[in-house]
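Below is one structure, written out as structure tokens, with a few remarks after it.
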Amino acid sequence: MNCLVDGTIPPSSGLSSSSALVCCAGLVTLTVLGMNLSKVELAEICAKSERYIGTEGGGMDQSISFLAEEGTAKLIEFSPLRATDVKLPSEAVFVIANSCVEMNKAATSHFNIRVMECRLAAKLLAKYKSLQWDKVLRLEEVQAKLGVSLEEMLLITEDALHPEPYSPEEVCKCLGISLQELRTQILSPNTQDVLIFKLYQRAKHVYSEAARVLQFKRICEEAPSNMVQLLGELMNQSHVSCRDMYECSCPELDQLVDICRKFGAQGSRLTGAGWGGCTVSIVPADKLHSFLANVHEAYYQRSNRSLAPEKQSLFATKPGGGALVFLEA
């Protein structure tokens, strides 16, 4: 099988370029072999494949790559994987802006440290609520096992975890295990030497962010007259939480978010894994032209960044379709 690969997604920009490549490779291989899999099966296989490079990623990027449909956003849910249409407001546009700070998840440990902090937080919360904690891997599982709302999970987090960082020794004491067991049975290879875990902050971010996703969907469905403003407020809250509680922003992203809000975005936040990459902003359609011109001048032209033109990614976007194969007749 000889393949020629081409792409227009800037690499390490938080726009899922690596997932796009994996999904494309999976789809092409299936087609060449004359095999058929459902979009859901293919998304799950591609998500699993990406973990071979050592990144403990989820499956959101792969799911939307296959399940996307033109003209609608999707609410992605897992266990089992499913996607629900969400109609976005017609009077607003979502604009992507690249901070031009590259983030290579495979070459750094920030991303995996967050995954492990969430895993440890889930185990401590499960133990606090007398669940079988050793089988728990994700914060969502604790909520599902308890059968409570996200808002209730935030209250339980307040009771069960303390805001001060946890040392590996304290985690071991809470769970009743040895340091050796923590390192070999729970932590991933590139997080075994981490000295502090911010479990309270990470759990608070995850549960509040999940609640914001559901609020966003509800506002889109109810379509109140101030819908764009309300959606923007949720995006702004999300960025604050990413910056302060999950600590996955960076100074350039924070600056770019501020510039976007200054020039007419109702809301702006980082997108992708963070620590670089892009922002996404919700902009009223009638302000789009001036927004693009002003952000281009304020962030890309004024800064002394020696940017290659193709990296000055600033563009309006709308939901497109998922992965397709075109065969020559």
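The values are calculated or read from the model by the stated rules, or taken from the named source; none is laboratory data. It should be emphasised that the depicted structure is a prediction, and the values quoted were computed from it without experimental measurement. Counting neighbours? That spans all protein chains shown, and the Cβs are built from the backbone with ideal geometry, glycine included. In case anyone asks, the SASA skips ligands and DNA or RNA and just uses the protein heavy atoms, side chains included. Shrake-Rupley method; radii C 1.70, N 1.55, O 1.52, S 1.80 Å.
Remarks
- Note: the chain, Cα convex hull, 164 Å³ per residue.
- Where only alpha carbons of segment 1-86 are counted, the Rg and the Dmax (Å): 13.2, 39
- Sequence of 1, 35, 227 from largest to smallest accessible area, 1.4 Å probe: 1, 35, 227
- This model, with +1 at the C-beta of Lys and Arg and -1 at the C-beta of Asp and Glu, gives segment 73-140 a dipole about its Cα centre of some 380 debye.
- Sites residue 164 and residue 32 - FRET efficiency at Förster radius 41 Å, r taken between beta-carbons, to 0.05: 0.15
- The chain: relative contact order as a whole-number percent, Cα under 8 Å and 6+ apart: 25 percent
- Annotation: extensible slack from residue 326 through residue 72 equals 89.2 nm (criterion: 0.36 nm per residue apart, minus Cα-Cα distance).
- Exposure here means at most 11 other Cβ atoms within 10 Å; with GluC sites (Glu not before Pro) in a DSSP loop as sites, the longest stretch of the chain lacking them is 92-327.
- Averaging Cα coordinates gives a centre for segment 126-162 and one for segment 218-254; these two points are 25 Å apart.
- Choice from 80, 11, 189 showing the highest fluctuation, given a GNM over the chain with Cα pairs closer than 10 Å: 80
- Each Lys and Arg Cβ is given +1 and each Asp and Glu Cβ -1; about its Cα centre, segment 1-86 then shows a dipole of about 160 debye.
- If R0 equals 41 Å, the separation of the Cβ atoms of residue 302 and residue 152 corresponds to a calculated FRET efficiency of about 0.30.
- Net dipole in debye of the chain [+1 Lys, Arg Cβ; -1 Asp, Glu Cβ; about Cα centre; nearest 20]: 200 debye
- Expected 222 nm ellipticity per residue - DSSP helices of 4 or more, -39500 (n - 2.57), all of the chain, to 500: -14000 deg cm²/dmol
- Normalising the average separation of contacting C-alpha pairs (under 8 angstrom, six or more residues apart) by the number of residues puts the relative contact order of segment 1-86 at 23 percent.
- Residues 271, 157 ordered from highest to lowest accessible area at a 1.4 Å probe: 271, 157.
- Within the accessible area of the chain (1.4 Å probe), percent carbon and sulfur: 54 percent
- Förster radius 30 Å - calculated FRET efficiency between residue 52 and residue 79 (Cβ-Cβ, nearest 0.05): 0.90
- Here the 3J(HN,Hα) profile of segment 240-254, calculated from phi with Karplus coefficients 6.51, -1.76 and 1.60 at θ = phi - 60°, is 4, 5, 4, 6, 9, 9, 8, 6, 10, 9, 7, x, 5, 4, 4 Hz, Gly and Pro shown as x.
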